[in-house]
Amino acid sequence: MNRRKFIKNASLTGIGIAASSALNACNTHSNEENKKPLNDNVTTLKNKNFPISICTWGFVNANAKAGESLKNGLNALDAAIAGVAVEEEDIRNTTVGKGGTPDRKGNVTLDACVMDSNGDCGAVLCVENITNVAALAKKVMTDTPHVILAGKGAEEFGYSQGFKKENLLTESSKKALDNWKKTSEYKPIINIENHDTIGMLCMDKNGDIAGACSTSGLAYKMKGRVGDSPIIGSGLFIDNEVGGAVATGLGEEVVKTVGSFLIVELMRQGKTPQEACEEAIKRITSKGDDYKDFQIAYIAMNKAGETGAYCIHKGFAMMKYQDDKNERVEVDYFNKI
Ligand code: SD4
């Protein structure tokens, strides 16, 4: 059995991963063999149906911005960052960027990450006073020796790179927090409270895939809480040989199954983006009944430009830009009862 067939046949178990790493470490094959994609199942660029942009929830303007940027020749990463910036700058969106809902002490703290088609990535965690945190995550990737910067360090780095200091807490967020404090009941309401994190996947004119994810996290979270959105592999993962995935919803549960990485690996094994998203949701719902109280949604894209999405509860939609059309796609869900 050759190396690629062996990896394809190995499931996502410790043995599969360990064997893959070991084989990588002591590979005796030629360099040409090493350059080939690990997965023969993934159709590569068969139909030139890109550029494509998809994003979580109904962010028409953000997805249009990304799609049109791609059409004008922008690369996948910068298009995704331009797309999510639309929501980061919109104070009406209370779960991303400026105007984001604060933690229970009144601090608006933002999380974001980006990943490009070379497999490089950057992330910022728990950042205050800077609106465009996905762009800041790219700066961490390109202008530091690190992948992640958190809190004050990320903020100070942002100012050194020319990012503006802004007050992200709006009057209406302040009022909403005062209202919440009357009961201080921390109970996310499915699809109503805490949704609207933006995760975006773009495929550019060259067929390269990149993505970005940006959020203010869960409303009235504890001070210092970080969710899945800036965690590479959980909130976002890209492998340009295979595809990409992003998550939205209760981050604690996404992190426990490393959801976006899982979806990309399932696509590597031959699943369609739709099948991979469904399997990743089932990993969560099969653990017990807790899923009834929270929402999680995934969207994914493969190298052939196919897309998929799935969620736990009714009410999630994905935006899709392709062939000059920017459409809202209602997403199928697990909990039909
Ligand atoms: C988080 N996943 O911080 C984010 C929240 C979210 O839609 O996606 N809301 O857990």
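Scanning segment 94-113 turns up no residue that is buried (at least 22 other Cβ atoms within 10 Å of the Cβ), touching a strand residue (DSSP E or B) at 6+ places or on another chain (Cβ under 8 Å), without any contact (Cβ under 8 Å) to a residue 60 or more places away in the chain and not in a loop (DSSP other than H, G, I, E, B). Being touching a residue at least 40 places away in the same chain (Cβ under 8 Å), buried (at least 23 other Cβ atoms within 10 Å of the Cβ) and in a strand (DSSP E or B) is the filter here; which residues of segment 310-325 pass it? Within segment 310-325, 311, 318, 319, 321 qualify. Within segment 168-182, the residues that satisfy the criterion of being surrounded by 10 or more Cβ atoms within 10 Å (Cβ to Cβ) and in a loop (DSSP other than H, G, I, E, B) are 168, 169, 170. A residue that is away from the ligand (no atom under 16 Å from the Cβ), over 26 Å from residue 71 (Cβ atoms) and surrounded by 23 or more Cβ atoms within 10 Å (Cβ to Cβ) can be found somewhere in segment 271-288. For segment 261-312, a residue qualifies if it is in contact with a helix residue (DSSP H, G or I) (Cβ under 9 Å, 6 or more places away or on another chain) and of a type in the set (Val, Ile, Thr), and the qualifying residues are 263, 264, 281, 284, 285, 296, 299, 307, 312.
Annotation for segment 65-84: no member residue is of a type in the set (Ser, Thr, Tyr) and buried (at least 24 other Cβ atoms within 10 Å of the Cβ). Residue pairs whose Cβ atoms lie under 6 Å apart, separated by 6 or more positions or on different chains, with the first residue in segment 242-256 and on the phi > 0 side of the Ramachandran plot and the second within 9 Å of the ligand (Cβ to nearest atom), are 249/295; 249/296; 249/297. Right, residue 93: closer than 23 Å to residue 260 by Cβ, modelled with pLDDT of 50 or more, within 16 Å of the ligand (Cβ to nearest atom) and polar (S, T, N, Q) or not? Here the answer is yes, as residue 93 does meet what is asked. Based on what the data block shows, is residue 307 closer than 20 Å to residue 197 by Cα, modelled with pLDDT of 95 or more and hydroxyl-bearing (Ser, Thr, Tyr)? Against the criterion (closer than 20 Å to residue 197 by Cα, modelled with pLDDT of 95 or more and hydroxyl-bearing (Ser, Thr, Tyr)), residue 307 qualifies. Note on segment 196-233: among residues that are near the ligand (Cβ under 9 Å from one of its atoms) and within 11 Å of the chain's Cα centre (by Cα), the one that is surrounded by the most Cβ atoms within 10 Å (Cβ to Cβ) is 213. Among the conditions (1) in contact (Cβ under 8 Å) with a residue 24 or more places away in the chain; (2) of a type in the set (D, E, K, R); (3) part of a helix (DSSP H, G or I), the only one that residue 328 does not satisfy is (3). The set of residues in segment 234-259 that are in contact with a Leu (Cβ under 7 Å, 6 or more places away or on another chain) and away from the ligand (no atom under 11 Å from the Cβ) comprises 241, 244.
The values are calculated or read from the model by the stated rules, or taken from the named source; none is laboratory data. Just so we're clear, the structure is a prediction, and the values are computed from it rather than from any experiment. We place every Cβ from the backbone using ideal geometry, glycine too, and count neighbours over all the protein chains shown.
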